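The block underneath contains the structure these notes are about, expressed in C-alpha cells.
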Amino acid sequence: LGALAFGSLAKGFSQHPIILNRSSSQSASADDWEELRSKVEGRLVLGDPLAKPCFPNTSSTLSENFDSDSCRTVRDNYNNETFRSNTPGGFINTQWETCQTAGQQCLLDFLNSSNAAAVAPPRQCALGSISEYYIDVVKPSDVSAAFSFSRKTGMRLVVKNTGHDYKGRSSAPGSLTLWTHGLKTITRDPEFVPEGCENSHSAVTLGAGVQFKEIYAFAEENNFTFVGGSDPGVGSTGGWLQGGGHGALTNTLGMGADRVLQFKVVTPDGRYLVANACQNKDLFFALRGGGGGTYGVVLEATSLVSPPMTLQVAAVIFSESNMTSTRAMWSLIIENSLRWTEEGWGSFVNADSALFVTPALNNSAANTSMAPLTEFGNALKANGVDGVEVISAEFPSWGTFFNTFSGTDSATIGANLALASRLLPKDNFKTSESRQQLLEALLAAQYLTPGLRFLGSTPFNFPGDGGTSITEAWRDSVYHITLIAPWNFNATLADMKEQYNLASQSIDNLRVLTPDAAYSNEADVHEPNHEIAFWGTHYEELLEIKKTYDPDGLLDCWQCVGWVPSSSQFSCYI
C-alpha cells in the first residue's frame with residue numbers, strides 16, 4: 001500500500017483533469033488536509049475511479065488511453081474481485097462508484113470490458129460517489145484523527161474494507177473514507193481470555209482487512225475450523241460480522257455474531273475500546289448484528305474456532321435449466337426442506353443446481369437423508385438431460401470443501417445491480433398448501449428476476465446466547481432468499497429506477513407470505529419497515545446505544561441504525 005501514499009495536496013489535484021471537481025474545498029481547507037495527512041503519517045490516498053486510466057483526457061485521445069498498459073490492466077481485471085478489493089476506489093458492485101441521480105460515473109462494460117463505447121465521448125470519467133480521500137488505516141490513532149477532522153470540518157466519513165457492499169454504505173460523495181483493507185493480522189490463541197473476563201476459549205483474532213480466503217487458508221494450515229461466509233473476497237470482521245454474518249455452517253455452528261468473543265473498536269470520541277461480554281457490554285451487543293459503520297470503527301475481532309470437521313456433501317447440477325426442471329427440483333427441495341434443515345444441512349440452490357453440506361451427519365446417514373435429491377438427479381440422467389452431475393462426497397475439512405465450491409455463492413463482480421432478500425420461516429414449510437404457495441411465489445420471483453438463490457444459512461439449530469442484536473427471525477428461518485436485477489454502463493436513470501423497482505416487485509412475491517424479516521447486508525435498498533426487518537425487537541435499544549457512542553452522528557449509512565435520510569451523504573441514491 002506504500003505506493004498509494006499521498007504525496008502532496010497540490011499534486012493530487014493537478015493529476016485529474018478529467019474528473020469532476022472535488023468538493024472538499026467546501027468544508028475543509030488545504031491546511032486542514034495537510035494537518036490530517038501529517039497525523040496519519042502520509043497515508044492519505046487520493047480517491048480515483050477504478051476505470052479512470054481508460055478514459056481520454058485533455059492531453060490524450062481515446063485510443064491512446066484505452067489501449068494503454070494501465071487501461072489494459074483495468075480491462076483484464078474489471079470483473080476480478082481481488083483487483084477491485086485492493087483498489088481504494090474499487091467496489092464489487094459498481095453503481096456505488098457512481099452518483100446515480102446525477103449520471104456521474106466512470107464505468108466500463110461489465111459484459112465486455114473491451115467495448116470502447118463505454119469510454120467514448122460524450123461519456124466522461126466522473127468521481128461519482130467515490131470518496132475524495134482515503135486514509136490507509138494501520139492503527140487506532142488514524143481513526144481518531146479522522147473523527148477529529150470530521151468534527152472540525154463537517155466532512156462525512158465512511159468505512160470501507162473490500163467494497164463488497166450491496167447497499168452503498170462504504171462510499172459517499174464528498175466524503176473521507178477509513179480504508180481498513182491493509183489490516184491483515186491473524187493470531188491464533190487456543191486459550192484466549194477476553195479482556196476482563198475469566199473463561200478461556202479456542203479462538204482466532206483477525207484484523208479488519210482479513211478476507212475469508214485468507215482466514216480459511218490459515219485455518220487449514222493450523223488445523224481448525226473458522227465459521228464464516230461463502231464468498232472468498234468478503235471481509236471477515238467488517239459488515240459481514242457486524243451485520244450478523246451467515247454461511248454454510250451457520251445451521252449448526254451459529255452466525256458470525258454468535259461466535260465473536262471480542263471487538264477492538266475506535267468510537268467517534270476517539271477512544272480505542274475493548275467490547276466483550278465483560279466490558280462495554282452495550283457496545284458488544286450492538287456490534288453483534290446491529291450493523292457496521294454505525295457505532296465505531298472495528299480494527300480487530302476475536303472469534304471462536306472449532307476443531308477440524310468432516311463434511312458430507314450432496315449436489316445435483318445440470319448445465320441447462322428450464323422452468324420445468326427448475327420447478328421439479330424446487331418442489332422436491334421445498335417438500336424436504338424442513339427435515340433437511342432440522343438434520344443440520346446448509347445449502348446453496350438456484351435454478352440449475354442444488355448443493356447441500358453438513359457437519360452433523362456421517363456418510364451413511366447423509367446418503368439416506370439426501371436420497372430424494374440424488375434420486376432426482378439420477379432420474380434426470382436417465383431421461384437424457386444433458387450435463388447432469390450427481391455428487392455424494394465427503395470432505396475432510398471446511399477448507400477442502402470451500403476450495404472446491406468457493407464459486408457457488410460469490411457475488412456478481414463489476415456489475416451494477418439491485419438486490420433484495422427475504423428470510424423464509426419454518427411456517428412456510430409446514431403444510432402442503434403453504435409449501436405450494438411458496439413454490440409458486442419463488443417461481444414467480446425467478447421469472448421476474450432470473451438468478452434467485454436459496455441460501456440454507458440460517459442458525460436454525462443454534463439457539464445462541466441471547467446476546468446478539470440480529471432479528472430473532474433468523475433462528476426460526478429455513479432459508480435466506482436473494483435475487484438481483486442488474487444493469488450495464490449505458491443504463492439511463494429511468495432504467496436504473498426500473499431495476500430497483502423490479503427487484504422490489506420480485507421479492508414482494510415472498511413478502512406477502514412472510515413476516516418482515518431480511519438480512520441487513522443483502523436487503524432491498526428500499527426495504528420497507530427496515531428497522532423491524534433487520535433487527536426485530538432490538539431497534540430501539542440499538543438506537544439508544546448509537547446515541548451513547550455517536551451523539552454527533554459522525555457515522556451514518558443507508559438504512560443503518562439512527563440514519564438521517566435527508567443527509568447530502570445519500571444524495572446519489574435513487
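Could you grab the pairs with beta carbons closer than 6 Å, sequence gap of 6+ or different chains, first residue in the stretch 161-176 and under 16 Å from residue 85 (Cβ atoms), second one among the β-branched types (Val, Ile, Thr) and at pLDDT 95 or above?
Within 6 Å, the pairs are 161/180; 163/92; 164/92; 164/234; 170/158.
For residue 216, only one of the following conditions fails: (1) under 18 Å from residue 82 (Cα atoms); (2) touching a strand residue (DSSP E or B) at 6+ places or on another chain (Cβ under 7 Å). What is its number?
It fails just one condition, (2).
Residues checked against (1) of a type in the set (S, T, N, Q); (2) open to solvent by 10 Å² or more (accessible area, probe 1.4 Å); (3) on the phi < 0 side of the Ramachandran plot:
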| site | (1), (2), (3) |
| --- | --- |
| 221 | no, yes, yes |
| 228 | no, no, yes |
| 238 | no, yes, yes |
| 241 | no, no, yes |
| 244 | no, no, no |
| 248 | no, no, yes |
| 260 | no, no, yes |
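Give the residue, chosen from 482, 514, 468, 431, that is farther than 30 Å from residue 112 by Cβ, touching an Asp or Glu at 6+ places or on another chain (Cβ under 7 Å) and modelled with pLDDT of 95 or more.
468 is the lone residue from the list that is farther than 30 Å from residue 112 by Cβ, touching an Asp or Glu at 6+ places or on another chain (Cβ under 7 Å) and modelled with pLDDT of 95 or more.
Mind listing whichever residues of the stretch 250-284 are in contact with a helix residue (DSSP H, G or I) (Cβ under 7 Å, 6 or more places away or on another chain), farther than 17 Å from residue 522 by Cβ and not in a strand (DSSP E or B)?
Within the stretch 250-284, 251, 267, 268, 270, 277, 282, 283 qualify.
Kindly list the number of the only condition in (1) open to solvent by less than 40 Å² (accessible area, probe 1.4 Å); (2) more than 18 Å from residue 437 (Cα to Cα) that fails for residue 320.
With (1) open to solvent by less than 40 Å² (accessible area, probe 1.4 Å); (2) more than 18 Å from residue 437 (Cα to Cα) applied to residue 320, the lone miss is (1).
In the list 225, 302, 294, 237, which residue meets the criterion of being over 20 Å from the mean Cα position of the chain (by Cα), of a type in the set (S, T, N, Q) and farther than 14 Å from residue 468 by Cα?
The conditions single out 225.
Restricting attention to the stretch 66-89, does a residue exist that is crowded, with 21+ Cβ neighbours inside 10 Å, outside any helix (DSSP H, G or I) and in contact with a Pro (Cβ under 9 Å, 6 or more places away or on another chain)?
Among the residues of the stretch 66-89, at least one is crowded, with 21+ Cβ neighbours inside 10 Å, outside any helix (DSSP H, G or I) and in contact with a Pro (Cβ under 9 Å, 6 or more places away or on another chain), which makes the answer yes.
Tell me, which residue of the stretch 377-398 that is open to solvent by less than 30 Å² (accessible area, probe 1.4 Å), over 30 Å from residue 307 (Cβ atoms) and not in a loop (DSSP other than H, G, I, E, B) is modelled with the lowest pLDDT?
380
Please go through the stretch 114-135 and give me each residue that is of a type in the set (Ser, Thr, Tyr) and within 24 Å of the chain's Cα centre (by Cα), ordered by number. Spell out how you get there, then give the answer.
Restricting attention to the stretch 114-135, the residues satisfying the condition of being of a type in the set (Ser, Thr, Tyr) are 114, 129, 131, 133-134.
Across the stretch 114-135, the qualifying residues are 129, 131, 133, 134.
Is there any pair linking a residue in the stretch 349-367 that is of a type in the set (Asp, Glu) to one that is open to solvent by 40 Å² or more (accessible area, probe 1.4 Å) and assigned to a strand (DSSP E or B), with Cβ under 6 Å and at least six apart or on different chains, and which?
Sorted first by the residue in the stretch 349-367, then by its partner, the list stays empty.
Any residue that is surrounded by 20 or more Cβ atoms within 10 Å (Cβ to Cβ), without any contact (Cβ under 8 Å) to a residue 60 or more places away in the chain and either of a type in the set (Asp, Glu) or under 20 Å from residue 454 (Cα atoms) (or both) - is there at least one of those in the stretch 399-407?
no
Does residue 202 satisfy being touching a residue at least 12 places away in the same chain (Cβ under 8 Å), open to solvent by 10 Å² or more (accessible area, probe 1.4 Å), of a type in the set (Gly, Ala, Ser) and outside any loop (DSSP other than H, G, I, E, B)?
Working: touching a residue at least 12 places away in the same chain (Cβ under 8 Å): yes; open to solvent by 10 Å² or more (accessible area, probe 1.4 Å): yes; of a type in the set (Gly, Ala, Ser): yes; outside any loop (DSSP other than H, G, I, E, B): yes.
In short, yes.
Does any residue in the stretch 437-454 that is touching a residue at least 60 places away in the same chain (Cβ under 8 Å) come within less than 8 Å, Cβ to Cβ, of a residue that is charged (D, E, K, R) and open to solvent by 10 Å² or more (accessible area, probe 1.4 Å) six or more places away or on a different chain, and which pairs are these?
439/327; 443/327; 453/409
Keeping to the stretch 332-364, report how many residues are assigned to a helix (DSSP H, G or I), crowded, with 16+ Cβ neighbours inside 10 Å and of a type in the set (Gly, Ala, Ser).
Within the stretch 332-364, residues that are assigned to a helix (DSSP H, G or I), crowded, with 16+ Cβ neighbours inside 10 Å and of a type in the set (Gly, Ala, Ser) number 1.
Give the number of residues within the stretch 145-175 that are open to solvent by 30 Å² or more (accessible area, probe 1.4 Å) and out of contact with any Phe, Trp or Tyr (no Cβ under 6 Å at 6 or more places or on another chain).
The number of residues fulfilling the criteria is 9.
How many of the residues in the stretch 417-447 are open to solvent by less than 20 Å² (accessible area, probe 1.4 Å) and of a type in the set (D, E, K, R)?
Total satisfying the criteria: 1.
Scan the stretch 205-233 residue by residue and report those that are assigned to a loop (DSSP other than H, G, I, E, B), of a type in the set (A, V, I, L, M) and free of Cβ contacts under 8 Å to residues at least 40 places away in the same chain.
Once the filter is applied, which keeps residues that are assigned to a loop (DSSP other than H, G, I, E, B), of a type in the set (A, V, I, L, M) and free of Cβ contacts under 8 Å to residues at least 40 places away in the same chain, the stretch 205-233 yields only 210.
Residues 527, 522, 498, 472: which one is free of Cβ contacts under 8 Å to residues at least 24 places away in the same chain and not hydroxyl-bearing (Ser, Thr, Tyr)?
498
Are there any pairs with C-beta distances below 8 angstrom linking a residue in the stretch 52-72 that is in contact (Cβ under 8 Å) with a residue 60 or more places away in the chain and closer than 21 Å to residue 104 by Cβ to a residue that is open to solvent by 30 Å² or more (accessible area, probe 1.4 Å) and in a helix (DSSP H, G or I), with the two at least 6 apart or on different chains, and if so which?
Going by the 8 Å Cβ cut-off, the qualifying pairs are 54/75; 56/62; 56/64.
Would you mind telling me which numbered condition in (1) over 18 Å from residue 164 (Cβ atoms); (2) part of a helix (DSSP H, G or I) residue 240 fails?
Failed condition: (1).
From the list 465, 495, 524, which residue is outside any helix (DSSP H, G or I) and open to solvent by 40 Å² or more (accessible area, probe 1.4 Å)?
465
The values are calculated or read from the model by the stated rules, or taken from the named source; none is laboratory data. Computed from a predicted structure; not experimentally measured. Reconstructed Cβ throughout: ideal geometry from the backbone, glycine too, with neighbour counts over all protein chains shown. Keep in mind that these areas ignore ligands, DNA and RNA; they rest on the heavy atoms of the full protein, side chains included. Shrake-Rupley method; radii C 1.70, N 1.55, O 1.52, S 1.80 Å.
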